[in-house]
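Contents: one structure, followed by commentary.
The values are calculated or read from the model by the stated rules, or taken from the named source; none is laboratory data. Just so we're clear, the structure is a prediction, and the values are computed from it rather than from any experiment. Positions of Cβ are generated from backbone atoms using ideal geometry, with glycine treated the same way; all protein chains shown enter the neighbour counts. Heavy atoms of the whole protein, side chains included, go into the accessibility calculation; ligands, DNA and RNA do not. Shrake-Rupley method; radii C 1.70, N 1.55, O 1.52, S 1.80 Å.
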Amino acid sequence: MEDPKLEKHFKSHRSTVTSLSFSPNTKQLVSGSLDACLFLWPFKPQVRAYRFVGHNDAVHSVCFSPSGHLIASGSKDKKVRLWIPSVKGESTVFKAHTAAVRCVDFSSDGQSILSSSEDKTIKIWTVHRQKFQFSLNQHSNWVRCAKFSPDGRLIVSCSDDKTVKIWDRNTNECMHTFYEPHGFLNDVAFHPSGTCIGGGCTDASVKIWDIRTRKLIQHYANHVASVNSVAFHPNGNFLLTASSDATLKLFDLLEGRLIYTLHGHQGPATSVAFSKQGDYFASGGQDQQVLVWKTNFDAAIPFAESINATNNKYTSGNDVSTNDYNPSARVSSATNQQKKSQISSLKEKSYPETNDERQARKIDILNGKSTNPMFDDGDRLEITNIGPAYENGVSRSNSASACLVNSAPTTNGISKNNRSTYDIESNVHQAYSPQLTNTLEHIVQQLDILTKTVAILETRLTMTESKLQDINGQELDNRKKY
């Protein structure tokens with residue numbers, strides 16, 4: 001298994017990067033930010049990035065359509081915009097909600113788009129003419145995130161009311177509700193098989209539920225701060241997370257363990273996304289940066305065979321064609337056979353595991369030295385060849401290096417770094433007192449009450465505005481008569 005490698009480094013946003021999405025052909029990456037702008041980043045050298053301006057407030061979510069011909073964005077200005085990803089930056093806009101839009105997502109067929117909001121609702125619209133279809137209204141607090149299932153038949157949503165809901169798109173009814181006792185989810189996503197969901201929680205945990213058995217099957221407690229974003233690798237074998245502890249973490253879902261901790265952002269990491277084929281992933285943070293990484297770690301597992309084999313575990317043994325996959329593109333046929341037997345359904349893991357940190361590799365592009373030492377298995381490896389700088393607002397770090405630290409003991413007299421990330425995180429966990437936890441929970445409860453009060457006031461104001469508009473309209477009609 002090769003290590004992830006930093007490929008590109010973009011920085012033109014003037015505030016926190018909130019959301020990321022790759023184009024289906026992986027030639028572009030779109031980012032949204034609290035600076036109210038979108039940036040469309042090209043992967044070709046010397047090609048300028050496009051800056052899209054139109055929203056009047058923070059952009060919370062961006063998403064490429066399955067065809068790549070449209071980009072959807074949701075904003076604090078209560079609006080959803082559909083952009084054409086070209087140099088002109090043309091867009092259509094519609095007021096979708098009565099409060100900030102937190103998330104937008106396209107259905108797999110590209111015909112529908114959903115939006116979730118701080119007004120506690122999820123709304124589904126047609127992409128053509130943005131015609132409203134229906135609304136899902138059972139959450140009692142802000143809806144942080146909502147996503148379509150891969151087949152488009154289900155919707156998953158997470159809210160500040162500490163629930164995760166699964167909705168049937170045909171009946172518009174809630175099929176099941178998962179409850180979070182300690183915090184609420186910031187982000188939620190469907191597993192590529194469509195049978196599981198994964199989410200990142202404010203209590204620093206990462207959880208995966210099986211929506212068929214309606215049980216929690218994996219629980220990770222490796223982060224030490226709120227988990228802001230999660231993304232499944234397209235082959236379904238890995239989960240990537242971004243946290244306010246300034247790290248990205250990669251979990252092997254088949255083994256049920258953490259395998260990488262990535263340090264690249266100076267401050268909270270806020271968003272992650274995989275490309276459609278899984279060969280790249282991107283991360284955004286409060287440091288206003290967008291980092292693009294070469295995946296590498298999935299090279300030993302063929303993409304098509306992996307996802308098909310995983311899907312076969314979740315279906316009734318239906319034969320899934322792999323004609324679109326070219327084995328020679330990623331791995332030899334011999335390796336295919338060797339790895340094929342290792343692909344199975346997600347390993348059940350019902351308890352949090354922090355010992356994974358001792359085995360997980362750590363990649364730090366902030367503190368690495370520009371050297372090229374000799375090494376063997378377990379020694380520190382410095383990767384310094386990041387690549388040349390880009391122009392026109394798109395930059396790449398020339399001095400960044402990736403530092404891989406293994407906690408294995410010395411075997412040949414060479415000094416090694418034995419300190420594991422686990423030891424650091426354990427100390428942070430111990431520093432939290434029960435009194436502080438109780439105080440924070442009380443504050444959250446009070447904030448929930450305030451939020452509900454504000455929502456009621458906003459509803460009444462909206463009704464008053466509507467009445468005033470009706471009165472003004474009637475007065476104008478009367479004046480025209482006379």
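Heavy-atom accessible area with a 1.4 Å probe sorts H13, H442, H69, largest first, into H69, H442, H13.
Using 19 Å as the cut-off for backbone N distance, which residues of region 451-471 belong to the label zone defined by a point 7 Å from the Cα of N478 along Cα→Cβ? Within reach of a label on N478, which here means backbone N under 19 Å from a point 7 Å along Cα→Cβ, region 451-471 contributes 465-471.
Hey, which of these cross-link pairs are over 30 Å Cα-Cα: K79/K480; K8/K215; K165/K452; K79/K481; K162/K294? Cα-Cα > 30 Å for K79/K480; K8/K215; K79/K481; K162/K294; rest within.
Peptides 465-476, 125-136 ranked from most to least packed, by the mean per-residue count of other Cβ atoms within 10 Å: 125-136, 465-476.
Each of T464, T177 has its accessible area taken with a 1.4 Å probe; listed largest first, they run T464, T177.
For I217, nonlocal amide neighbours, meaning residues 5 or more places apart or on other chains whose placed amide H falls under 5 Å from its own, are I208, W209, D210. How would region 98-197 be classified by its alpha-carbon gyration tensor: rounded, prolate or oblate, with rounded meaning a/c under 1.5 and the a/b versus b/c comparison settling the rest? Because a/c hits 1.5 or more and a/b fails to exceed b/c, region 98-197 counts as oblate. Other residues within the sphere of radius under 14 Å centred on the Cβ of D160, judged by their own Cβ, net out at -2 (K and R +1, D and E -1). Put simply, the amide H of R257, placed in the peptide plane, has neighbours under 5 Å in D252, leaving out anything fewer than 5 places away on its chain. Distance between the 7 Å Cα→Cβ label points at D151 and K5: 4.0 nm. The largest accessible area among M1, M463, M175 belongs to the first residue in M1, M463, M175, and the rest follow in falling order (1.4 Å probe, all chains). Between L216 and R14, how high is the FRET efficiency from 1/(1 + (r/R0)^6) when r is the Cβ-Cβ distance and R₀ = 45 Å? Nearest 0.05. Here the calculated transfer efficiency is 0.70. Only protein heavy atoms count here; on that basis, with a 1.4 Å probe, S244 has an accessible area of about 50 Å².
Taking Cβ atoms as reference points and 15 Å as the exclusive limit, the residues near E441 contribute a net charge of -4, counting Lys and Arg as +1 and Asp and Glu as -1. Subtracting the Cα-Cα distance from 0.36 nm times the residue separation, let me have the gained length for T26 to H176 in nm, one decimal. Contour length minus Cα-Cα distance gives 50.5 nm. Remark on G285: its backbone amide H falls under 5 Å from those of V17, T270, a criterion applied only to residues 5 or more positions apart or on other chains, H modelled at 1.01 Å from N.
Full extension of the chain between N137 and L461 gives 114.6 nm of extra length, using 0.36 nm per residue less the Cα-Cα distance. Once you list every other residue whose beta carbon is under 10 Å from the beta carbon of K120, what net charge do they have if Lys and Arg are +1 and Asp and Glu are -1? In short, -3.
Classify region 200-299 from the C-alpha gyration tensor, please: rounded if a/c falls under 1.5, else prolate or oblate depending on whether a/b exceeds b/c. Cα axes put region 200-299 in the oblate bin. Between S108 and L366, the FRET efficiency from the beta-carbon distance, with R0 = 41 Å, is close to 0.65.
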